[in-house]
Amino acid sequence: MPQIQLTVQQRKVHRAEAHHLDPVVMIGNDGLTPNVRNEIDSALNAHGLIKIRVLGDDRAQREAMYQAMADELGAAPIQHIGKLLVLWRPQPPKVKAAGALDEDRMPGPREFKVLKYSKQGGQRPEVKTLRVLGNQRLTPGGQVRRAKAPKQKSIKKGRNT
């Protein structure tokens, strides 16, 4: 795959995003082995924007490695400073497993933190963690109650004669 060509503005944005990243892949003295390529490819799939640290001292060799990685993996070279290389590739859309998520499924239990203040003003409030299930509600007083079912309307009130 050929490398992705970006405009100067796009590279500038990606450089700013990569500033706080730590190197994800380290290339040792063996150079760009197939295992390292696979690791870089999986990191690009997972993160999109990655930093790579090269341990070799030869700048020309690092530059050749940088261009080779961008060409082979279909990534855009963003930045090369010293021994750090930054590559970007758009992340592929994630495929959801069939049956992993069910649309009819209701949300699980929720956890709430309730503060109970003491009658004396100088003490700390007591913090309780309450679990509220789907058919329950939390009252303003911090108690868990069953949710009220909607009242049924009278059949007679709905009729128009």
| said: Roughly how far apart, in whole Å, are the Cα centres of the range 40-70 and the range 107-143? | reply: 51 Å
| query | Hey, got a sec? Which GluC sites (Glu not before Pro) in the range 1-108 land in a DSSP loop and have at most 10 other Cβ atoms within 10 Å? | reply | E103
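Going down the list K116/K151; K12/K51; K12/K83, which pairs span over 22 Å between their C-alpha atoms? Mind dumping the intermediate values first?
Details: K116/K151 32 Å; K12/K51 15 Å; K12/K83 19 Å.
Over 22 Å Cα-Cα: K116/K151.
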| note | For the chain, the charge dipole (Cβ of Lys, Arg +1; Cβ of Asp, Glu -1; about the Cα centre) points to a positive end, and the Cα of V13, T33, V95 closest to that extreme belongs to V95
| request: Sequence neighbours fewer than 8 away in the same chain don't count; with that in mind, list the lysines whose C-alpha is under 27 Å from K119. | output: K128
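Place the peptides 119-130, 22-33, 73-84 in order of packing, highest mean first, counting for every residue the other Cβ atoms within 10 Å and averaging per peptide.
Averaged packing, sorted descending, gives the order 73-84, 22-33, 119-130.
A short reminder: the numbers here are calculations on the coordinates, not readings from a lab. These numbers come from a predicted model, not from an experiment. Here Cβ is always computed from backbone atoms with ideal geometry, including for glycine, and neighbour counts include all displayed protein chains.
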